[in-house]
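Note sheet for the following structure.
Values quoted throughout were computed directly from the atomic coordinates according to the rules given, and no laboratory measurement underlies them. Keep in mind it's a predicted model, so treat the numbers as computed, not measured. Reconstructed Cβ throughout: ideal geometry from the backbone, glycine too, with neighbour counts over all protein chains shown.
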Amino acid sequence: MKKVLGIAILVAFSAIQSFGQFNTTGSGSAMAGCNEFQITAASDNQTGSMYSTTPINLNADFSLLFKVNFGCDGFGGEGMAFVLQPGVWATGSGAHGIGYQGLTNTVAIEFDTRDNQIAQNNFDIPGDHVSIMSNGNINHNLTSCLTGLPLDPISTLSSDVEDCQDHMIEIIWTAGANQTLEVKVDGATSITHTSNMIANDLGGATNVTWGWTGATSIFNNQQTVQIALCPFFNYSATNCPGQAINFTDDSQSQNTIVQWDWDFDGTVVMNGGPTPTHTFLTGGNHPVTLTVTDDQGCVSDTVIDIGVGFEVTATSDDAIICPGSTTVLHVEGTPYVGNSCCFELHCYDFWDDGWSSAEVEVFVDGVSQGSYSHPDNGLGMTSTEIYTFCWDIGAVIDLVVNIPGPAQPQESAVFLVDSNGDTIADILSDFMSGGSTWFNGATAQYTVDCGVTPPAYTYQWDNAPLLTSTTDPDPTATVNINTTFNVDVTDPNTGCVISESVTVDVHPVPTAVISGNETVCLGDDATLTLTLTGPTPWDVVVQGPSGTIPINGILASPHTFTVTEDGNYTINSYTGAGCPGDATASGTATVTVITPPTVSIAADATYCFGDTPADLTVTSANGGTVNWYNNAALTGPAIGTGNTFTPGTGVGTTDYYAAESELVLGCEGPGDMVTITINPVPPAPAVTGNTIYCEGDLPTPNTGVATMGGNITWYDNPAPSGVVSTFADYSPTLVVGTFNYYVTETALGCESLPTTVTYTVKPTPDAPVVTGTLLYCEGDVPTALIATPDLGGVISWENINNITLGTGTTYTPPLTVGGVVYWVYEELNGCISDSTEVIVNVDAAPMVSVTPQLYICLGDSILVTATNNGYDITWSTGQTGESVYLSPEETTDIVVTATNPSCGFAEDSLNIIVNPLPDVIAGNDTLIGIGGEVTLWAESSGTVSYSWLPEVDECVETNCSVIYDVPDQATVYVVFATDQNGCKNTDSVLVDINGYMDVFVPNIFSPNGDGFNDNLQVYGPRLFNYQIEIYDRWGKRVFRSNEQKDYWDGTINGSYLSPQTFVYMLSGETVLGERIVQEGNVSIIE
């Protein structure tokens, strides 16, 4: 039925546990029930078994009855097998092998609950199936499948036996030449096979061990087997209480039942046998318990509710009614049946692709019992989940589709199935129905009847004159007084009669009286009274002067209510508890309403503090009393009476109210209001700002500060006339002398007293006249400067930093080179004149300076700068300017002069020493071969250092007078000679290239210390990346070098070698990049 992983076939002999006449192996274990065994737990990859320790003889017929539970997961596995095997009991491979695979000489009845076709190619099918297999082979397409293809379902009553239910499985063996195995599941034959199984499949064994094996894989179930002991009984049709009921045992058991104990709703009969009789004296559901005991000592019981007689219920639509009105009576007969019956809810997904679309919520009498759905495993095959419910008879069941994710209306369906396997409610997929039936909110409903059809009861009522029918279960009754109705209900099938009654009560007739006589002021409430009798609540309609007044829901009498309208009030109609009142409603209530007089007060007024307010006057022609108040509600004691009233004089706004009272009840009419406002007078404003100036100053604004946020006014006269500004800020017109302005604040129409502001403007002198000497030469003696004042004030002398240098009409300036600025002022009464600027200039004496001695090389020039103080510069060479280039050919003295036409001249001199150039000779031009080395030299009569261009490989001498290079083309080498004075001279030499140089290694040398041919050297072109290695004839290296100039002196580790022949290997690259590899022999001779 379900896919599992393939595993190797293995016969397992597991550890054995003994439980009386049965043993278990592997995951098998004994359970709490008598002879009950768990073959596998609900865990992955388990294999277990149970078996009988007593062999069975196949030469005799036998029947074995088991109660088997395959688990609750429709996708679990793997199943179980009933196995016959000779010899010692063993178990085979687990998982798809179901515990019997690989057991030779065996016959197994396979109850396979998982499809392994994809993994095993064993011709499994998706549905739970049964087959008879031999020799431990699980392939259904081989002859070892004794029942062949196609495979048969395990149960003809259920497509899925993994339904949490116990299934009765009977194994029937018929002995003889044509041995037959028959399998019954839940009483119906599932499969039968006839052949010589003893000879063909069991290896000729006639005494075999029987038992059950089972296995799980990555899918699992708890799988159990119990030796059957299932109590059940039947009973004769029930009748009225007091009639006898016959009970008959119908239990199923593998072993012999030896005792039947009965409990008839509390009446216990021990060992009452299989067919007792009992009488129940009362109607209703009576539980009956049967407990059976077999010859192995196993005990089991069952409980069945027995309905005796039937239940009668009599009711009326209304428990109490009005006199002469009607109500409908009801009577119902209901048979007593078991409290509940059980159902299965099948949730299907016809193509399990993982969509969560088959969720169904279950409601019982409107209360949710939870949501249920099929498994979502995404296996691409039919997926089913079965849930079991037990509900009371009469319960209303609603199934409602709830789609939490994407809906797949073609795939999902749900079925509600009763105990007979009949579908009693369903919601079909669109594919099954051919329409749109599976959607969010789709519903199906079923009322539980447990398969019981009530009899057609007959009914007989008394009080026939008051009823529309005496035989109708729902007649209409008309009553004027309290009446009890009796009814007899008869079961036509049994003649049993049960009586019941229902009482209808009648309300008394209500009465009503209205009373009251009141006089009130207009706007006040008048209170009237209703006196009532009869049932509550009362509803009364009162007729008033201008219409009706409904008063509903009155619960107590007397009842008062209020009105405001002038006139008479009577009762129009009334009811009590919905029943109309009689014609005795009586009484008239009267209300008189007095309208009070009105008044009118003069208009509002506004004053400034200190003013005298005018009296307030009321106009009234009604002759009543006028009262004055300070609140709109006209409450509290009056603040005055009469037609006139004098308001207060305090600052603020006050509302005054006047109302007139009539003379009968003192009803006071509506008030009229007048508002009197007394505004405060601002204080004289403060004025800020400058009031004293000098002639010529620009005036700055003065500010009048309004303390009450009013408007500021500036006047040029003491009286409030001559307005010059209405702004807070004002800048006066300045003239020399003293004058006044006047400032007021006006707020809320009230102007303050004025503030007097006095301004003073003082005269300012003109700038003084200054005379005296203003131009000097450095070293002159200064004379005094003279200042003449304009108005006789004080003269002050200041420098440009505004520092006072002196006061008075004369000042002698100190002389410093340059121009000095002086400021001269006259001050009178704090007023300062404009300044007179005086500039005294002092010319400096000329100055010039140069470096006393300088050195140059013959043929060079030098830039010389004369330090001076800005006058004209001339040189004895005829040049002018402070900086000149000088290039004498011999050592020379030069004079420089600075001249000021007004103040004379100055001189300085310098000595320039001229050094000769060094002599240098670079030798003769030379010719070398390609890749050859060249050694060049240079010489001079003096002490010099040398440098070469282009750059050479190596300086042989420290001062580079001798150099070494390997040119790759004809090259001109230039040598630079520099003496101790830094003077330079040059010479050049040409190195030309012609021909190619070979590498030459001598083949003999004589390291004897005679100074001739003592060392082995490599001749020829310069080699780069050079390497030479020399080995003796035994392959030992005696010399190695990476430098071409290195030579070998015929030693190793400081010791001379004896004469012999050696092998050398040489490699390198020429200056042109040519690779040179050379090897040969060299010999040491004496």
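Of note:
- Note that region 205-211 has calculated 3J(HN,Hα) couplings of 6, 10, 9, 10, 8, 10, x Hz, one per residue in order, obtained from phi through the Karplus relation 6.51 cos²θ - 1.76 cosθ + 1.60 (θ = phi - 60°); glycine and proline are x.
- Neighbourhood charge, 12 Å Cβ-Cβ cut-off, centred on Asn711 and excluding it, Lys, Arg +1 and Asp, Glu -1: -2
- 20 Å cut-off, amide nitrogen to a point 7 angstrom out along Thr675 Cα→Cβ, residues in region 592-628: 600-609, 613-618
- In this structure, the amide hydrogen of Thr764, modeled 1.01 Å from its nitrogen in the peptide plane, lies closer than 5 angstrom to those of Glu695, counting only residues at least 5 positions away or on a different chain.
- Inter-part distance where region 651-715 and region 760-835 are each reduced to a Cα centre, Å: 60 Å
- Extreme residue, positive dipole direction of the chain, given options Val989, Leu416, Gly793 (C-beta unit charges): Leu416
- 5 angstrom amide H check on Ser1041, placed H, neighbours 5+ away: Ile1028
- Exposed loop positions in the chain were taken to be chymotrypsin sites (Phe, Trp or Tyr not before Pro) whose DSSP state is not H, G, I, E or B and which have at most 16 other beta-carbon atoms within 10 angstrom. Between these positions, the longest stretch is 440-726.
- Cα lying deepest toward the dipole's positive end in region 926-1075, options Asn1053, Leu1016, Tyr973, charges on Cβ: Asn1053
- For a label point 7 Å along the Cα-to-beta-carbon line of Thr646, residues of region 581-619 with backbone N under 18 Å: 607-618
- A simple charge model with +1 on the Cβ of Lys and Arg, -1 on the Cβ of Asp and Glu and nothing else charged puts the dipole of the chain at about 1620 debye relative to its Cα centre.
- Taking every alpha-carbon pair under 8 Å whose residues sit at least 6 apart, the chain reaches a relative contact order of 4 percent.
- Short-range pairs are left out: with C-alpha atoms under 8 Å and at least six residues apart, the relative contact order of region 230-306 is 33 percent.
- In this simple spin-label approximation, Ala638 and Asn1015 carry label points 7 Å from Cα along the Cα→Cβ vector, and these lie 15.2 nm apart.
- Couplings 3J(HN,Hα) for region 845-858, derived from phi with the Karplus relation 6.51 cos²θ - 1.76 cosθ + 1.60 (θ = phi - 60°), are 5, x, 8, 8, 8, 9, 5, x, 9, 9, 10, 9, 8, 3 Hz, where x marks Gly and Pro.
- For Cys608, neighbours were defined as the other residues whose beta-carbon sits under 14 Å from its Cβ, and their charges (Lys and Arg +1, Asp and Glu -1) total -3.
- For Lys762, the aspartates and glutamates whose Cα comes closer than 16 Å to its Cα, not counting residues fewer than 8 places off in the same chain, are Glu695, Asp697, Asp790, Glu826, Glu827, Asp834.
- For region 462-601, a simple Cβ point-charge model (Lys and Arg +1, Asp and Glu -1, everything else neutral) yields a dipole of about 460 debye relative to the Cα centre.
- Anisotropy class of region 16-227 from Cα gyration tensor, a/c 1.5 cut: rounded
- Chain lengthening between Glu889 and Thr289 when straightened (0.36 nm per residue, less Cα-Cα): 200.9 nm
- Residues in region 250-264 that a label on Asn234 would reach, taking backbone N under 14 Å of a point 7 Å out along Cα→Cβ: 250-252
- Helix-only [θ]222 nm of the chain, DSSP H runs n ≥ 4, -39500 (n - 2.57) each, per residue, nearest 500: 0 deg cm²/dmol
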